[in-house]
1. May I ask you to evaluate 6.51 cos²θ - 1.76 cosθ + 1.60, the Karplus curve with θ = phi - 60°, for each residue of the range 378-390 and list the ³J(HN,Hα) values in order in whole Hz, giving x for glycine and proline?
2. If r is the Cβ-Cβ distance from Phe475 to Leu162 and R0 is 22 Å, what FRET efficiency results, to the nearest 0.05?
3. Just subtract the alpha-carbon distance of Cys154 and Ile219 from 0.36 nm times their residue separation and send over the number in nm, one decimal.
4. If I ignore ligands, DNA and RNA and count only protein heavy atoms, how much of Leu162 is accessible to a 1.4 Å probe, in Å² to the nearest 10?
5. Got a sec to turn the phi values of the range 229-239 into Karplus ³J(HN,Hα) couplings, 6.51 cos²θ - 1.76 cosθ + 1.60 with θ = phi - 60°, whole Hz, x for Gly and Pro?
6. What is the spread of the Cα atoms of the chain along each of their three principal axes, largest first, in whole Å?
7. Tell me, what is the 1.4 Å probe accessible area of Ile219, in Å² to the nearest 10?
8. Keeping the other protein chains in place, figure out the carbon and sulfur percent of the accessible area of the chain, with a 1.4 Å probe.
Amino acid sequence: SIMTGRKTMDPPHSPANLSEGKEKLRLKQEVGLISGVSLIAGTMIGSGIFMSPEWVLHHMGNPASSLLIWAACGLLAMFGALSYAELGTIIKESGGEYIYILRIFGSFPAFLFAYTSVILVRPAGLAAVCLSFAEYAVAPFYPGCSSPQVTVKCTAAACILLLTIINCLNVRLATSVMNVFTAAKLLALLAIVVGGLVLLAKGQTQSFQNGFQGTTVGIGAVGVAFYQGLWSYDGWNNLNYVTEELKKPEVTLPRAVMIAIPLVTCLYLLVNVSYLAAMSPSELLSSGAVAVTWGDKVLGSWAWLISLSVALSTFGSSNGTFFSGGRVCYIAAREGHMPEILSMAHVRRLTPSPALMFTSGMSLIMIVSGNFTSIVNLFSFIAWFFYGMTISGLLYLKIKKPELPRSYKVPIFIPIIVLMAAVYLVLAPIIDQPQIEILYIIPFLFSGVVLYFPLVRFKCHPRCLKSVTLHLQLFLEVAPTTRDAN
């Protein structure tokens, strides 16, 4: 729908009017309440619930405390989404954190967000989902042992290349793939929940006896456990990326959040209970693919159905991540924070192919250089740094700009809790047990500062840039999206 919009030049506005800017992408308002709930829930239910349970348990030390982490992650996602809902009714533009940071704090921090999002966060998220898809796709071929990392990474890379082709060819094809695979993931989770309830009814509750024994109390370990759990809830803010496409956003946005996130939280808790009913904690910790191990124990010869369902689920989630991945990149390029070529679309297919190809290339680099756990930690650290910045912007508006029109107001204690949680999630792993992938972020952010002033602030572009852009336009058959394609 990005490509069916119309970009117009508007006269400058007062800085106080936060919902308008120099350029405005006008999108069709076609997303209603049911579509909004589907977008949030469908994106949240991806690879995390099939990959993260063993890591949450590993860092927390026992089943009961790991279940508390899952519940706390759901509550935090709910609080964050409600805070974003108020922001979405004040600044009625698509783009999520990027557009909020741009309108509240200005160009420099918005550029740093776009820079990290386009080069690290989005590609890292896609790489992690594709790695989990690959883990489950190849698991049936290596029964009783761990899959070779080379095979897993090659399969993940093939997944990214296939997604690139699908999304560059046709928007309708990409959305159809997303809808089909969403049904698969729901069926897989419901099968696991029902199987777990049957096991509990038969009295298999050994994993829950002395549930809190051996609980980890280190602030760093708890923070990393939150990283792994919150990865499964990522997508709670996705509706804010399409605010301009919502029907009555002031009503649809908060209602969709209040329906989708509690639904996903309950489903995640039941799935974790089912895992623990079928496996002992030690068995769960030694499993490279938790749902596959569950299938082997519960379904026997039909266990391949779980592997197939989970692979389909994670493929669908990666397609959704890839489909929305070009949105921030596109809007940042529209605002002059990214190369112009990334704001262009294919002249016939009307897909943002340059942005998609760039995201694909960065994701392939992530797959080659990292593993699932390190990528998730990197993704979560950066994401919560900018979530915290966005929430602090909401608190600024609530305190300093109470006169701004807003149809929905979240109680102020909710964004305060989210901000405190964000500060904890950013600082705790650094203080207690710094990971090497997190330390890499400091020089990366510094490189963003170095690039901002000459390229964005003073617009000192290389002379060859226009020529390169022109040749890329001709080669990729893309053009600026100034024409109304409706």
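1. Each residue of the range 378-390 in turn: 4, 4, 5, 4, 5, 4, 6, 4, 7, 4, x, 4, 5 Hz.
2. 0.50
3. 19.8 nm
4. Probe radius 1.4 Å; accessible area of Leu162 about 80 Å².
5. With coefficients 6.51, -1.76 and 1.60, one gets x, 5, 4, 6, 9, 4, x, 4, 9, 5, 5 Hz.
6. 69, 50, 42
7. Taking all protein chains as shown, Ile219 has close to 80 Å².
8. 68
The values are calculated or read from the model by the stated rules, or taken from the named source; none is laboratory data. Keep in mind it's a predicted model, so treat the numbers as computed, not measured. Cβ: placed from backbone, ideal geometry, glycine included. Neighbour counts: every protein chain shown. Note: accessible area is taken over every heavy atom of the protein model, side chains too, but ligands, DNA and RNA are not part of it. Shrake-Rupley method; radii C 1.70, N 1.55, O 1.52, S 1.80 Å.
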